[in-house]
Structures are given as structure tokens and as C-alpha cells.
2 protein chains.
Amino acid sequence: MADTLSERSQNILEAIVEDYIASAEPVGSRAISRKHNFNLSPASVRNVMADLEEMGLLCSPHTSSGRIPTGKGFQYYIDTLLSVRTLNRNEKQNLRNSYRFQNMRMEDIMQEVGRVLSGLSQYTGLVMAPKFISTVFRQIEFIRLSQGRLLMIYVSETGLVQNKVIEADPSLTVRDLEQISSYLNSELNGLSIQEVRTKLKQELQEDRVCYDRLKKQALKLSCAALQDEIEDQIYVSGASLMLGQPEFSTPEQMKRLISAFESKKLLIELLDRGQSAQGVQIFIGSDSSQVDLEGCSLITSNFSNQKGAVGTLGVIGPVRMNYSQVVPIVDFTAQLVSRVLDREIAQD
Amino acid sequence: MADTLSERSQNILEAIVEDYIASAEPVGSRAISRKHNFNLSPASVRNVMADLEEMGLLCSPHTSSGRIPTGKGFQYYIDTLLSVRTLNRNEKQNLRNSYRFQNMRMEDIMQEVGRVLSGLSQYTGLVMAPKFISTVFRQIEFIRLSQGRLLMIYVSETGLVQNKVIEADPSLTVRDLEQISSYLNSELNGLSIQEVRTKLKQELQEDRVCYDRLKKQALKLSCAALQDEIEDQIYVSGASLMLGQPEFSTPEQMKRLISAFESKKLLIELLDRGQSAQGVQIFIGSDSSQVDLEGCSLITSNFSNQKGAVGTLGVIGPVRMNYSQVVPIVDFTAQLVSRVLDREIAQD
DNA sequence: TATTAGCACTCACCACTGTTGAGTGCTAAC
DNA sequence: GTTAGCACTCAACAGTGGTGAGTGCTAATA
């Protein structure tokens, strides 16, 4: 249906969306007719606007005000009118220079990416580290805490460190633990966590009556350590920048937004949606059915290393976001991070 | 000077502060004379208020409004009028039950403490994990990332995990690294980082011409790993609750506050101030010389295990905070966390 | 002599008012 | 099909007057 728009209607819609992105205020017919030289009088523009409003692409806050694009209007703009520039060589180099990845831990990299994304876009940067389950096993260590409690430390191929407290047989000695981790490290090295789990399941079944005490303990410990999901890690940068946007300028909206950012659950849910897809994805607030993030749009892209560990990064801003500027930044940053993660892998 | 206040003046000041804490609005003479039965007419109360204003303990936002306490007024109230209840057995048990510390990593514990402090006080919870330098060495591991780059993982006695990327001689094999960490783990176990550093310095001087290649590498690596400071970890919970306080209800103040919370540097600076002192400490916003945290007060207490690793936790709220309610919560929580940390230590 | 009733005064707050200007829809002329 | 003209709408703003909570001062009072 939307594709049946005449060229004139498309041009006017585009002009309205772009004016609105720039000004955050309702766009009137006179402004459109003057600034963009369509050679149309305000009255003609008004006729088109009335059509667009009927189609649900525009709306007016009150009778005698200009129009603003609806969620559907933005969607149409993004789907069919938005032309995303690719960065030229200079811009790519500049972007590359914005990031400092030398000698950084995975955690630092994620944080840095969020910070830079937020700084460049002037919106809020989001980064979700690769999920535990999508990582590749590299090394595991067990450290005794108190009686019967162990600290498990897991390192993935990309240097992502996760740890977790597990309960264990109190009779295990430090020597035992060393042997167990050494055994696991040689057995599981290079497997994805998915594969690790399958393998552990198999071995547990095969060795139901296993007389090698240490092997049995090793299986038991690694099960406790690697079977459950480990909480997603998410980094939010520049939340305060959102408070400068006119759509979130009332105290109520500020509270709502900061609460939504604080809970992180919402954000994780939202970022998860993009996990399966490739390339840049755009989610428009109104369709997200997240009341607390109403009025927000999200631009995300996945990053991954060659072994397939997938994380997501992106920018969240008002629906009235500067898509043509932010999309290429998110896109190229994801590529950049992917390359950095590959460099992290040891060349053994 | 302030101690020369007559009993009547003290009573009235106390009444004003407490009314203001409850209502967040200027307190008038009539309200004081009615609610608290001093048997004084409003006019008499006014006389006293005029004195208190002259002494800088009160001020009035405009000519014909009630009075509000100044920073100095709050300081006086805290120093000489505030009587802090100690929690009774029931309340202590309730508080204990609010926390779930089972099988938690240090990180989780810190986060949980922040969350609960914020929930109970309805202000913002702050927790700063024990500083790297105040921890006691437990275990160190090295994992090869790419050519010449190692991931160092350090675990303190309380189970605090820190990691860091360091550069290293690319010729070191995995076997070498195992031997190095095993050597360091036996040499440094139980020493405070402070002691570790002294020891490393000594050994480096003694063995300037050392022919044991591995020992030399071990010293070099541990220096790179443990010599520098590792960034402070700070947890902020319930920032959005502050936005509900009337003193931060304008958009400008909200932005200022959220920005201040986001930078974390300010908060670390503030929490550091309390590190040396013992027991509960109270900082009043206006004296903090932190423009961005104007209007905020901070209640902190340190926690530590028997080996002396010190962290700080607390609550940040408006100057008009309910001190008599929050102080005991912060106090007891710090004791609770200290005990939990001691339980974490292995009984070898 | 300390306390208090009385009074004039101040000022934030609120509801109401009229004006302005940007923008609209409709209609008739081009 | 396009557009000039016109009546209409409505948010935003500034001004206005009333209300009430509160003050400082003074003179009367216990």
C-alpha cells in the first residue's frame, strides 16, 4: 500500500521527516514549500499532507499545528526513502582513530565502544558482550573459597572472563583441583560452549559407573560451572545525553527513561531481537511494545569473531534520530569490533 | 559558637529540620507552634527563627515564606541534635533477610548490596569494592591471547577477580606460563599487594643478573601485572529514585545529577574520602565543593575483612535525607558485608 | 522582662484574560 | 491541477487580580 505513494508525496514526506529530525518541532506547509524548492505553494503541500495524514504516516498534535511523522511514517522513511551513505576512506580512518583498543580487556573494549558510540552520535550507546553460550572454551580454573565452595573462572577464546561460585565436594584438595582443571582444559579446548555441553552430557551417561574419582569430579564440576546460563553483560553509555533531547524534556519522561535504562532487562530483551539478523537493524519505539521505551529508536548491529561468538552494539535515541548519520557509524563500528576480537585470538 | 544555642533554640531548630525532612517545604512559625507542643505562640517562634537565621542556620527562599535549614543548619542538626537509633533485634534480622548472599561472586555481592540499600532507603545506593591495593594475594594465572599479549587473572583472598592485558615476551610457551604462575602462587600467597610489591622490588634488585630465565620472566610478568593500580569498581543502584525527590524535580537538576552519577569519577572521589575513617560518616552536599552533586548528602561506612581489605558502601540522597532512618541501615549493612567477606575466605 | 495579639506587608501561586502568530481547511478563481 | 484568499483554531505568552501562608514590627499583657 505504502509503495503506491506518488513521487511528490514521497518527496514531501521525506522533507517533513528530515525537517522534523532537525528541529523536533511540527513542520508546517509554508516551511516545506519555501525551504525545499518543489515549486509548490503551501496550499498544494497542504493537500498532500492531508493525504499522508489519512494514510497514517503523519499526524498533527492539535488542529492548527504543523505535522509530525508517526511511527509508521518513520518506518516508511527508513524502509524506502533513507539512503545510507557509506563512509569514505577519511571518515573510516577518523572513526578508527576514535577507538583505543590497545591492551584492553574484553570488558574495557565493550565500555570503550559504548562510550565512543555515544560520543559520536550524541545519543546513548549500548553494547552487549557475546553471550556465554556463544563463546568458545579456552580455559577454566577452580579456586577454593570456603569449605565446599569454589570460584570458577572461565576464559573464552576472545579473552572474555566470566566467573561464578559453585558448590563442590569439600574433600577436594588444591592438588585435585589443579588436575581437574588441567584435564578439562585439554579436553574442552576449542569447543563451543554448546559443544562442551553436549560432550559433558555424553560423558556423564557413558561413565555412569565411573571408577576414576577425579574424572567423575571433573565432569560434575564442569557441569555445575558451564551448564547454567551466565547473565548477559550490557554496557550503557551516555544516558544523560538522552535527557537533552526535547522529546524527553519533562521530568516524567526523564524518570521513565532512566528507570528503563537502569533495569537493563528491557535493553537486553531489545538487543536480543537483533541477534539473529545480519547487518544493521532499526527498531522503532512505538512498535517495540515497551511502554517504558516509548519514543525511542534503536539502531543495532552484531559483531562476531571468526568462531562465531556474537555480541550486539548499537545506539538508542529518540525516534527522531539522525538515521543517515548514525547507521553508518554503527555499521562500521561493528565491523571494527569484529576485527579486533579476531586479533585477540592466540595464534598458537 | 553553635553550641551556645539555648535549649529552646535547639528544640525549634530540630523541629524545623525534621518538618523540612518530612515535607521538603519551607516551615512556618505557625506549624512549629502547633504541631510541636512547645507552648509558644507563632510570634515567639518567629523571634527564635530570626536569631537562627542570623546565625546562618536557617534561610528563607523569599521574604514571606517559611524557613529552610541551610547546609550549616543540617550540619548542626547532625552533629548535636541527631540521635541515631540502633536497630533492635527484629530489625536486624529483617535487614539480614533482605540480603541474599548465597553463592555469590564478589561482584554480585556488591551489586546486591547497592540494590538493597537503595530499596530500603529509597535513595541511591553506592558500593565501592575493595581497592586492588588493599587486597590479599591468592592466585594468579596467565593466558596467552595473541602474539606477545597475555591475559592476567588475579584472584584475591575474598574472591575478587581482576584481570588485565599485559605485553610479554612472545617466546613464552604455555608450559612456561604454567610454571611461572605456579611459582608466583606459592611465593606470593597470603601477602598483601603492598607486600607483594615490596617483595618484587627487592627480588628484582637482588637478581639483577639472574640466570634462571623463568624466574626472571616471572618477576617481569608479575611486575607488569601487579605494579599498576587497577581501576576502582563502583556500583550505583536506584539512580532513578533520586529523580523522584522534589529537590531534583526540574529537568536541569535531573540532567546534572544523572551526569554526575554517570561519570563515576566524582563518586569515587567522594567515597574515597571516607576510606580512612571508621564508622558511619556523613558528607553534606554544600561542603563537598562538587558543583554537580550540590544538594546531595552522602552517608557511608567502610566494610573490611579480617585481613583488612577495605571497601565503602553508602547511600546518596538529598541533603534533606532521613538521617535517623538511613544511618543505622548503612551501619549495620557494613558490618554484615564485613562478616560475609570473612566467610568467603577459605579455611585451609 | 519575656511573651503574645494584632496588623500591615510581602510574595508565590493560581485562575482568568486578551493578544499574537503559526498553521490549517475550504472555496473560488486561475 | 494549482493557488490565492479567508475564516478559523489553538498553543504560547504576558498581564491581572485574588488568595493565603508567612513575615516583621509594635504595643499590650502576664
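The values are calculated or read from the model by the stated rules, or taken from the named source; none is laboratory data. Source: prediction; values computed, not measured. Every residue, glycine as well, gets a Cβ built from its backbone with ideal geometry; the counts of neighbours run over all protein chains shown. These accessible areas exclude ligands, DNA and RNA; they are computed on the full protein's heavy atoms, side chains included. Shrake-Rupley method; radii C 1.70, N 1.55, O 1.52, S 1.80 Å.
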Taking only the stretch A:198-246 into account, find how many residues are crowded, with 21+ Cβ neighbours inside 10 Å and within 11 Å of chain B (Cβ to nearest Cβ).
6
All but one of (1) in contact (Cβ under 8 Å) with a residue 24 or more places away in the chain; (2) away from DNA strand D (no atom under 12 Å from the Cβ); (3) among the charged types (D, E, K, R) hold for A:Asp51; state the number of the condition that does not hold.
(2)
Scan the stretch B:220-235 and tell me whether some residue there is of a type outside the set (Val, Ile, Thr), without any contact (Cβ under 8 Å) to a residue 60 or more places away in the chain, in contact with a Phe, Trp or Tyr (Cβ under 8 Å, 6 or more places away or on another chain) and in a helix (DSSP H, G or I).
no
If a residue must be touching a residue at least 60 places away in the same chain (Cβ under 8 Å) and buried (at least 21 other Cβ atoms within 10 Å of the Cβ), how many such residues does the stretch A:330-343 contain?
4
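Per-residue answers, yes or no, for (1) in a loop (DSSP other than H, G, I, E, B); (2) aromatic (Phe, Trp, Tyr); (3) more than 20 Å from A:Leu271 (Cβ to Cβ):
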{"site": "A:Leu87", "(1), (2), (3)": "yes, no, yes"}
{"site": "A:Lys92", "(1), (2), (3)": "no, no, yes"}
{"site": "A:Leu95", "(1), (2), (3)": "no, no, yes"}
{"site": "A:Gln102", "(1), (2), (3)": "yes, no, yes"}
{"site": "A:Glu107", "(1), (2), (3)": "no, no, no"}
{"site": "A:Glu112", "(1), (2), (3)": "no, no, no"}
{"site": "A:Leu117", "(1), (2), (3)": "no, no, no"}
{"site": "A:Leu120", "(1), (2), (3)": "no, no, no"}
{"site": "A:Val127", "(1), (2), (3)": "no, no, no"}
When B:Leu150 is evaluated against the numbered criteria (1) open to solvent by 40 Å² or more (accessible area, probe 1.4 Å); (2) outside the structural domain of B:Val337 (by TED's automatic domain parsing), which criterion, by number, is the only one it fails?
(1)
Given the condition over 27 Å from B:Ser156 (Cβ atoms) and at pLDDT below 95, answer yes or no: does some residue in the stretch B:218-230 qualify?
no
Identity of the residue in the stretch A:64-79, within 7 Å of DNA strand C (Cβ to nearest atom) and part of a loop (DSSP other than H, G, I, E, B), that ends up nearest to A:Thr4 (Cα to Cα):
A:Gly66
For the stretch B:72-89, check the following and say yes or no: at least one residue is β-branched (Val, Ile, Thr) and either more than 30 Å from B:Leu336 (Cβ to Cβ) or surrounded by 20 or more Cβ atoms within 10 Å (Cβ to Cβ) (or both).
no
For the stretch B:90-117, name all the residues that are at negative phi, within 14 Å of chain A (Cβ to nearest Cβ) and open to solvent by 50 Å² or more (accessible area, probe 1.4 Å).
B:Arg100, B:Gln102, B:Glu107, B:Gln111, B:Arg115
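Condition (residue is at the interface with chain A (Cβ under 10 Å from one of its Cβ atoms) and either away from DNA strand C (no atom under 16 Å from the Cβ) or touching a strand residue (DSSP E or B) at 6+ places or on another chain (Cβ under 8 Å) (or both)) applied to the stretch B:125-138: is it met by at least one residue?
First, the residues of the stretch B:125-138 that are at the interface with chain A (Cβ under 10 Å from one of its Cβ atoms): B:138.
Keeping just the survivors that are either away from DNA strand C (no atom under 16 Å from the Cβ) or touching a strand residue (DSSP E or B) at 6+ places or on another chain (Cβ under 8 Å) (or both) gives B:138.
Within the stretch B:125-138 (the criterion being at the interface with chain A (Cβ under 10 Å from one of its Cβ atoms) and either away from DNA strand C (no atom under 16 Å from the Cβ) or touching a strand residue (DSSP E or B) at 6+ places or on another chain (Cβ under 8 Å) (or both)), the answer is yes, since at least one residue qualifies.
Out of A:Lys92, A:Lys35, A:Lys72, report the one residue that is under 30 Å from B:Gly148 (Cβ atoms) and either more than 12 Å from DNA strand D (Cβ to nearest atom) or assigned by TED's automatic domain parsing to the domain that holds A:Leu117 (or both). Working first, answer last.
Numbers: A:Lys35 fails: under 30 Å from B:Gly148 (Cβ atoms); A:Lys72 fails: under 30 Å from B:Gly148 (Cβ atoms).
The match here is A:Lys92.
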Give the residue that is surrounded by the fewest Cβ atoms within 10 Å (Cβ to Cβ), with candidates limited to residues of the stretch A:247-267 that are facing another protein chain (nearest Cβ under 9 Å) and part of a loop (DSSP other than H, G, I, E, B).
A:Thr250
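Output the number of residues of the stretch A:140-149 satisfying the condition of being touching a Leu at 6+ places or on another chain (Cβ under 7 Å) and either more than 7 Å from every other protein chain (Cβ to nearest Cβ) or touching a residue at least 40 places away in the same chain (Cβ under 8 Å) (or both). Spell out the reasoning first.
Our first condition is that a residue be touching a Leu at 6+ places or on another chain (Cβ under 7 Å); within the stretch A:140-149, this holds for A:140, A:142-145.
Checking which are either more than 7 Å from every other protein chain (Cβ to nearest Cβ) or touching a residue at least 40 places away in the same chain (Cβ under 8 Å) (or both) leaves us with A:140, A:142.
Going through the stretch A:140-149 one residue at a time, the tally reaches 2.
Between A:Ile12, A:Ile21, which is within 12 Å of DNA strand D (Cβ to nearest atom) and open to solvent by less than 100 Å² (accessible area, probe 1.4 Å)?
Numbers: A:Ile21 fails: within 12 Å of DNA strand D (Cβ to nearest atom).
Among A:Ile12, A:Ile21, only A:Ile12 is within 12 Å of DNA strand D (Cβ to nearest atom) and open to solvent by less than 100 Å² (accessible area, probe 1.4 Å).
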Residue by residue through the stretch B:34-60, note down the ones that are touching a helix residue (DSSP H, G or I) at 6+ places or on another chain (Cβ under 7 Å), open to solvent by 40 Å² or more (accessible area, probe 1.4 Å), more than 8 Å from DNA strand C (Cβ to nearest atom) and part of a loop (DSSP other than H, G, I, E, B).
B:His36, B:Phe38
Could you please find all residues in the stretch B:152-194 being in a helix (DSSP H, G or I), touching a residue at least 40 places away in the same chain (Cβ under 8 Å) and under 16 Å from B:Ala218 (Cβ atoms)?
B:Asp176, B:Ile180, B:Ser181, B:Leu184, B:Asn185, B:Leu188
